[in-house]
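*Asks:* Dropping a structure here in structure tokens format, bear with me for questions.
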Amino acid sequence: MARRPRILRYFGYALLFGAVLASAVVLYLDLRVTREFEGRRFALPARIYARALELHAGTRIPQADLEHELRQLAYKEKPASEDPPGWFARREDELEIGLRPFMFWDGAQAPRRVRVLFDSGVVRRVEDADGREVALVRLEPLAIGGIYPAGNEDRELVRLRDVPPELVKALIATEDRKFYSHAGFDLRGILRAAARAVLNLGSERVQGGSTITQQLVKNFFLTPERTVRRKATELVMAVLLEMHYGKEEILETYLNEIYLGQDRDRAIHGVGLAAQFYFGKEARYLNLAESALLVGMLKGPAVYDPRRHAQAALERRNLVLRETRDQGFITPDQYAQARATPLGLSPRPMGTSPHPAFVQLVHRQLRRDYDDADLRTEGLRIFTSLDPRVQGAAEQALAKRLAQFDKERRFGEPGLEGAVVVTDPQSGEVQALVGGRDARYRGYNRALDAARPVGSLLKPAIYLTALAEPSRYTLVTPLDDGPFVWKSRGAPDWQPANYDRKFHGVVPLRMALAQSYNAASARLGTELGVDRVLDTVRRLGVERPLRPFASTLLGAAEMTPLEVAQMYQTIASGGFRTPVRAIREVTTQMGQPLQRYALQVNQAVPPEPIYLLTAALQGVVREGTGQSLRSFITPEVAAAGKTGTTDEQRDAWFAGFTGDRLAVVWIGYDDNRAARLSGAAAALPVWGELMASLAPEPLALPRPDSIETVWIDPQTNLRGDSACAGAVELPFVQGTAPEQRSPCATTAGAVVDAVDQGVKRAKSWLDRLFGR
């Protein structure tokens, strides 16, 4: 009998120890719940946007291109209505658009209806719904990617007040009918689920054993393992969560946490992003059928993915609708109308980014100013310069031509690669960047990382250095294109040959550049001094160290397409060096400005030699190695450019610019094998096709005051007039044009030309006077 009290005492100790241990566990879990949930912060990726298309009278954009961009933004074509924004209606020479709201870097734009009228590819007028003219409206920019946290989780946070009541009703009816009355768990639901599991009973009912609170605890705090210990922890934490926080807070967090599918390598979390991903609209505009589809996907986002398993998703949606009706949340008429509604999905996005090469450039430029952890978690909004229309044209031109080259095997075995960079000549903003023939590939980015020999693309620096001395060099200065040997101590003799394996005697400077004669260019460069020419290259914006060898003058130097774009950017902008950039603005998630990437401009080269060089580069296209561009764009565009071909024809380049765009194209093999490539035959067609699809503006640089134009007889390179056969009008620094007249020049022609020059000078003076 004495042993019984002892056993009871030990049992009591055990119970006390268990109670203390349980209390400690509960206290620990309580602290964890309050600490983590109170300071709950979802890891929000930096969201990257393309440029926002601005529409106003005079905007150069064909109606078809605007319609295409609206479809990219998931606007639906439909008759004009008062429906939620995100639609457009087409009429002849007119579009009516229901613009969505958007938080821009300079403030919020409310939803509104506008009418855009067109005339010959130009916006003629923008009106509001009442017919009043609107000075300017913006389309919301296309989301082109993000910088994601671990697991590539993506979400758009929403407040509960912005979630349609129908979605909440469908969620409660399907997932947790007693949500507003239980204390975190539903004992009957747990027992019911357990009985079904043990007895293996099938059922059409959709509600499981876990409450919404339990599901949130599992996703927010715990691992997905299936153990008794984890389930017990989930129950306790659910009760604690309900003790500390209201139902609205729990429900709002749940709606932002839930996993609702996969976009390639991007995980879709929360109803805010899911609404955009599946329906191309904000969550507040979801209708009953769309809300039921999202709720139905909770049971299995992969199984009920409406894009991959449309029938299963439709049946699951209808089951959710039926449950919502049976619980009295919707009427039979609402049920019938929603059940008859098709899935109505928007076009599928393209993973973490449809333009990974451009996003990589943005990420690199952001790292100069932001910590990488902040970029992946703070929800920054990055507004960039990417133009979707230009990007699409660049991708298409490169892919089409490379496929053609592979098929023809004109340059070698299939497998050619390429890269394209397109910028605005004045601002230096990158409008498009393609890192390879597969524009969706997120690997090796040739536009940023493929440093390849540039061949003749460096030659303009030689001629610019020369033209900076107008007393010695003009566009008609004779150059010797005879055999040339460069001797250097400790190195073998260097003897450059021309592409056609011929020498051409004495040629005018402009033709030596137009025909890309190596011997004449090398002789000129060494006469000027290698160091002086390389200093010009640096002033044009190339920061990469270049070896001070004579061979460097002809392109025995490696540069990436982006670096080449920076060099030609300075030429195209009239000698003003503007760093190539991809970012315009950075704001917080709420739209508060953080940093503005303002335009930085430095006068790197005087305007006179740049003007002369541009005229010579226009000659490359008009009558030199780039003249095959006439198959793509008209002579009136007056494009300027330069071809580039490297030793053993391993690389093909073309860099050139029009009045509104500069583009650089590289073509070659990744393994740097010898091929049969040339800039004119391989890279130029890509450039030409790209520009032809964009209707480029003519190139017309403003003429400096000290520049005059003179008719030159190409037979003698002396002063001629318009009556001379093949005469060309060339620019000269005043006082440097040939004074001797060609025999073909007539007195009458000279008078006419003098009058013409006077008229041009007067027009130039009036333009400056009135600021035109």
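*Asks:* In the neighborhood of residue 391, defined by Cβ-to-Cβ distances under 13 Å, what is the net charge if each Lys or Arg adds +1 and each Asp or Glu adds -1?
*Replies:* Net charge around residue 391: -1.
*Asks:* Using the Karplus equation 6.51 cos²θ - 1.76 cosθ + 1.60 (θ = phi - 60°), what ³J(HN,Hα) coupling, rounded to whole Hz, does each residue of segment 440-445 give in order, writing x for Gly and Pro?
*Replies:* These are the phi-based 3J(HN,Hα) values: 8, 6, 9, x, 4, 9 Hz.
*Asks:* Taking θ = phi - 60°, what integer Hz values does the Karplus form 6.51 cos²θ - 1.76 cosθ + 1.60 yield along segment 722-737, in sequence order, with x for Gly and Pro?
*Replies:* Whole-Hz 3J(HN,Hα) from phi for segment 722-737: 5, 7, 6, 5, x, 4, 10, 9, 10, x, 9, 5, 3, x, 10, 6.
*Asks:* If you don't mind, there's one more thing I want to ask. With the full set of protein chains in place, find how many percent of the accessible area of segment 669-746 is carbon and sulfur; take the probe as 1.4 Å.
*Replies:* Percent of accessible area from carbon and sulfur atoms in segment 669-746: 51.
*Asks:* When the accessible area of segment 279-383 is split by element with a 1.4 Å probe, what percent falls to carbon and sulfur?
*Replies:* 49 percent
*Asks:* Sticking with this one: Quick one: net charge around residue 117, please, counting Lys, Arg +1 and Asp, Glu -1 for every other residue with C-beta under 11 Å from its C-beta.
*Replies:* -3
*Asks:* Which helices of the chain meet both criteria: a Cα extent of 20 Å or more along the helical axis and a mean Kyte-Doolittle score no lower than -0.5, with helices taken as whole DSSP H segments?
*Replies:* Sorted by number, the helices that extend far enough and score high enough are 3-38, 228-244, 607-623, 747-769.
*Asks:* Next question, about the same structure. May I ask you to give the solvent-accessible area per residue for segment 562-707, in square angstrom, as obtained with a 1.4 angstrom probe?
*Replies:* For segment 562-707, the solvent-accessible area averages 36 Å² per residue.
*Asks:* Given contacts defined as C-alpha pairs under 8 Å and at least six residues apart, what's the relative contact order of the chain, whole-number percent?
*Replies:* 10 percent
*Asks:* Find the Rg to Rh ratio for segment 343-407, where Rh is the Kirkwood radius over alpha-carbon pairs and Rg uses the same atoms.
*Replies:* 1.09
*Asks:* Could you grab the relative contact order for segment 450-575? Cα pairs under 8 Å, six or more apart, rounded to a whole percent.
*Replies:* 36 percent
*Asks:* Also, I was wondering about something else. So what is the calculated 222 nm ellipticity per residue for the chain, using -39500 (n - 2.57) for each DSSP H run with n of 4 or more, over all residues, to the nearest 500 deg cm²/dmol?
*Replies:* Computed ellipticity for the chain at 222 nm equals -12000 deg cm²/dmol.
*Asks:* Here is a further query. Tell me, what ³J(HN,Hα) does each residue in segment 589-596 have, in order and in whole Hz, if you take phi through Karplus 6.51 cos²θ - 1.76 cosθ + 1.60 with θ = phi - 60° and put x for Gly and Pro?
*Replies:* Going residue by residue, I get 4, 8, x, 6, x, 10, 8, 10 Hz, with x marking Gly and Pro.
*Asks:* Rank by packing, highest mean first: peptides 576-587, 115-126, with packing defined as the count of other Cβ atoms within 10 Å averaged across residues.
*Replies:* Those peptides, ordered most packed to least, come out 576-587, 115-126.
*Asks:* Please report, largest first and rounded to whole Å, the three semi-axes of the ellipsoid equivalent to segment 278-325, where each semi-axis is the square root of five times an eigenvalue of the C-alpha gyration tensor.
*Replies:* The equivalent ellipsoid of segment 278-325 has semi-axes of 16, 14, 8 Å.
*Asks:* Excluding ligands and nucleic acids, what accessible area in Å² is computed for residue 637 using a 1.4 Å probe, to the nearest 10?
*Replies:* Answer for residue 637: close to 10 Å² accessible.
*Asks:* May I ask you to give the solvent-accessible area per residue for segment 57-135, in square angstrom, as obtained with a 1.4 angstrom probe?
*Replies:* Result: 50 Å² per residue.
*Asks:* Take the eigenvalues of the Cα gyration tensor for segment 663-715, scale each by 5, and report the square roots as semi-axes in whole Å, largest first.
*Replies:* Computed over segment 663-715, the values are 34, 18, 12 Å.
*Asks:* Could you sort 127, 408 by their accessible area in this structure, using a 1.4 Å probe and putting the largest first?
*Replies:* Largest accessible area first, the list is 408, 127.
*Asks:* Which order do 693, 181, 427 take when ranked by solvent-accessible area (1.4 Å probe, heavy atoms of all protein chains), largest first?
*Replies:* Result, largest first: 181, 693, 427.
*Asks:* Which entries in the list 78/169; 459/502; 407/459; 169/247; 178/231; 76/281 go over 22 Å, if you measure between the two C-alpha atoms of each?
*Replies:* Correct reply: 78/169; 407/459.
*Asks:* Taking all protein chains as present, what is the carbon and sulfur share of the accessible area of segment 57-135, in % to the nearest whole number, probe 1.4 Å?
*Replies:* 47 percent
*Asks:* With equal scatterers on the alpha carbons only and no solvent term, can you work out the Debye log10 of I(q)/I(0) for segment 376-464 at 0.10, 0.12, 0.20 1/Å?
*Replies:* -0.36, -0.51, -1.12
*Asks:* Add +1 for every Lys or Arg and -1 for every Asp or Glu among the other residues with Cβ under 13 Å from the Cβ of residue 455, and state the total.
*Replies:* Value of the local net charge: 0.
*Asks:* Need one number for the chain: average projected area of the convex hull over its C-alpha atoms, nm².
*Replies:* Average projection, Cα convex hull of the chain: 47.4 nm².
The values are calculated or read from the model by the stated rules, or taken from the named source; none is laboratory data. Here the structure is a predicted model, which is why all the values come from computation and not from measurement. Please note: Cβ atoms are built from the backbone with ideal geometry, for glycine as well, and neighbour counts cover all protein chains shown. Note: accessible area is taken over every heavy atom of the protein model, side chains too, but ligands, DNA and RNA are not part of it. Shrake-Rupley method; radii C 1.70, N 1.55, O 1.52, S 1.80 Å.
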